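Visitor: One structure coming up, written as structure tokens, with questions to follow.
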Amino acid sequence: MKTEVQTMKELVQQKWNKRPLIISGPCSAETEEQVIETATQLAATGKVDMLRAGIWKPRTKPGMFEGNGIVGLPWLLQAKKITGLPTTVEVATAKHVEEALKFDVDMLWIGARTTVNPFSVQEVADALKGVDIPILIKNPINPDLELWSGGIERLQKVGVKQIGMIHRGFSSYGNTEYRNAPMWHLPIEMKRRFPGMPLICDPSHICGNRSMLQSVSQKSIDLDFDGLMLESHIDPDKAWSDAKQQVTPERLLELLNSIVWRQESSTVEEFITALTTLREQINQLDDELMTLLGQRMKLSDKIGEYKRDNSITILQTNRWNEILERAFQKGEKLGLSKEFITKYFDAVHLESIQHQNKIMNS
Ligand code: PEP
Ligand code: MN
């Protein structure tokens, strides 16, 4: 007869290989009742594979709720016993790993604020030597793929076999549409670097609000992500952390039911997925090109001011020939035709002349 522990291990394996893998639970384990009630309602949806809850919360400022710490771990164990859902928590130190394992947490994840710090990632990795459970690593808060890749490599080096990635978006200064900008081309690049490694999307921390959760979840599935981690709370407005982005288990079920799950198996679907991925990369590059063109015109404006103040003509044939000659040479190496280069630079030059015209005659 199998022991309970072996059975749970098998269940975790089954979940680890399931697509899509759905992880849900509150941002923080607040009280025993809240954890158990949320878990019970999530299990009743029949759609949730694993229960998440923050035990140690890295908060931006002191005085915010920093998690209940180890007193919350027995609540999760109890929730697992009642619902059968395997559990997962965030770990940031060796001590967290040790405590979580004492309470049979089935999967661990490294948070975004930890991934940025190679010392911390190494400390967690060292504590995971010989531990045979899945470990997920969130992207660092800044858009640095080397840090994210480096974190994965640290885990691989100590022998962690089951590693997954969580995309939770990237922090940026000022008000943006998202709490953490998704920058989809970055997780896509990670998929390219680590083929076959599960990639989970965390729409809750990308959005920071409820209204965009559905579209971000759908987008990640369209981009062939392997699952979702979504925060859910029995009374979201009263949550002790991340209240604005959490949804009730009932709303979570509606959201999951509204998603069009894309299959990998048919050739047509593979085609669609590849197309979406490439188009996303193209959109990103186009955005960057536009930004650069805007910057280029600003430099033109500056030159216009100097020309105006020194009574110099806008058009200077020698300079224009020099620009074209350089572009032809560079373009050839990059596989760009002379015809395209000419058309492109004509358009840029024309726009630049218009900018300077405006300045010189203002
Ligand atoms: C969390 O999952 O609740 C959390 C703190 O996330 P992140 O590390 O993405 O900020
Ligand atoms: Mn949270």
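Visitor: With axes computed from alpha carbons, what is the tilt in degrees of helix 317-333 against the longest principal axis of the chain, rounded to the nearest 10 within 0 to 90?
Guide: Helix 317-333 and the main axis of the chain meet at about 40 degrees.
Visitor: Would you mind telling me which residue in 313, 273, 93 has the biggest mean-square fluctuation in a Gaussian network model of the chain, where springs connect alpha carbons within a distance under 10 angstrom?
Guide: Maximum fluctuation in the GNM of the chain, among the listed residues, is at 313.
Visitor: Taking θ as phi - 60°, what are the ³J(HN,Hα) couplings along the stretch 36-45 by the Karplus curve (6.51, -1.76, 1.60), each to the nearest whole Hz, with x for Gly and Pro?
Guide: So the Karplus estimates, Gly and Pro as x, are 5, 5, 4, 4, 4, 5, 5, 4, 5, 5 Hz.
Visitor: If you don't mind, another one. Enumerate the amide H contacts of residue 231 below 5 Å, restricted to partners 5 or more residues apart or on another chain; note that Pro and chain-start residues carry no placed amide H.
Guide: Placed amide hydrogens put 204 under 5 Å from residue 231.
Visitor: Report, in debye and to the nearest 20, how large the dipole of the stretch 113-221 comes out about its Cα centre when Lys and Arg carry +1 and Asp and Glu carry -1 on their Cβ.
Guide: Details: 13 positive and 9 negative charges, 42 e Å.
Here the stretch 113-221 has a charge dipole of around 200 debye.
Visitor: Could you please state, rounded to a whole Å, how far the C-alpha centre of the stretch 204-225 is from the C-alpha centre of the stretch 284-359?
Guide: 39 Å
Visitor: Which FRET efficiency, nearest 0.05, do residue 93 and residue 31 yield, Cβ-Cβ r, R0 35 Å? Present the calculation step by step, with values, prior to reporting the outcome.
Guide: Details: r = 24 Å, r/R0 = 0.68.
So, using R0 = 35 Å, E works out to roughly 0.90.
Visitor: Something else now. Counting Lys and Arg as +1 and Asp and Glu as -1, each charge on the Cβ, what is the dipole of the stretch 269-360 about the Cα centre in debye, to the nearest 20? Please list the in-between numbers first.
Guide: Working: 13 positive and 15 negative charges, 120 e Å.
About 580 debye.
Visitor: DSSP loop (so not H, G, I, E, B), at most 13 other Cβ within 10 Å: list which GluC sites (Glu not before Pro) in the stretch 261-307 pass both filters. Let's see the in-between values first.
Guide: Working: sites: 264, 269, 270, 280, 288, 305; in loops: 264.
Passing sites in the stretch 261-307 are 264.
Visitor: Can you compute the modelled spin-label distance between residue 65 and residue 272, with each label point 7 Å from Cα toward Cβ, in nm?
Guide: That separation, rounded to one decimal, is 3.9 nm.
Visitor: I would also like to ask the following. Can you give me the Cα centroid spacing of the stretch 14-29 and the stretch 90-154 in angstrom?
Guide: Going from one Cα centre to the other spans 17 Å.
Visitor: Please give the helix 73-83 orientation as an angle from the longest Cα principal axis of the chain, in degrees from 0 to 90, rounded to the nearest 10.
Guide: For helix 73-83, the angle is close to 80 degrees.
Visitor: With +1 on the Cβ of every Lys and Arg and -1 on the Cβ of every Asp and Glu, and nothing else charged, how large is the dipole of the chain about its Cα centre, in debye rounded to the nearest 20?
Guide: Details: 44 positive and 47 negative charges, 124 e Å.
Dipole of the chain, to the nearest 20 debye: 600 debye.
Visitor: Lysine pairs in the stretch 269-360 8 or more apart or on different chains: how many have alpha carbons under 21 angstrom apart? The partial results should precede the final answer.
Guide: On the way: 298/307; 298/358; 302/358; 307/358; 330/338; 330/343; 333/343.
Lysine pair count for the stretch 269-360: 7.
Visitor: Would you mind computing, in nm to one decimal, how far apart the modelled labels at residue 301 and residue 235 are, each placed 7 Å from Cα along Cα→Cβ?
Guide: Here the answer is 5.3 nm between the modelled labels.
Visitor: Output the pairs from 15/219; 129/238; 57/244; 61/95; 102/191; 61/238 with a Cα-Cα distance over 28 Å in this structure; if there are none, say none. Kindly include the intermediate steps, with their values, before the conclusion.
Guide: On the way: 15/219 22 Å; 129/238 39 Å; 57/244 16 Å; 61/95 22 Å; 102/191 33 Å; 61/238 19 Å.
129/238; 102/191, as the Cα separations exceed 28 Å there.
Visitor: While we're on this one: In Å, what is the Rg of the alpha-carbon atoms in the chain, and how long is Dmax?
Guide: 25.5, 94
Visitor: Now, a different point. Zone of residue 193 (label point 7 Å along Cα→Cβ, backbone N under 15 Å): which residues in the stretch 127-146?
Guide: 137-146
Visitor: Now for a separate question. Between residue 360 and residue 243, what is the spin-label point distance in nm, taking each point 7 Å from the Cα along the Cα→C-beta axis?
Guide: Once both label points are built, they end up 6.0 nm from each other.
Visitor: While we're looking at this one, here's another question. Any chance you could give the angle, 0 to 90 degrees and rounded to 10, that helix 338-360 forms with the longest Cα principal axis of the chain?
Guide: 80 degrees
Each reported figure results from applying straightforward, stated rules to the coordinates on display, with no laboratory input. Note that the structure is a prediction, hence the values are computed from the model and not measured. We place every Cβ from the backbone using ideal geometry, glycine too, and count neighbours over all the protein chains shown.
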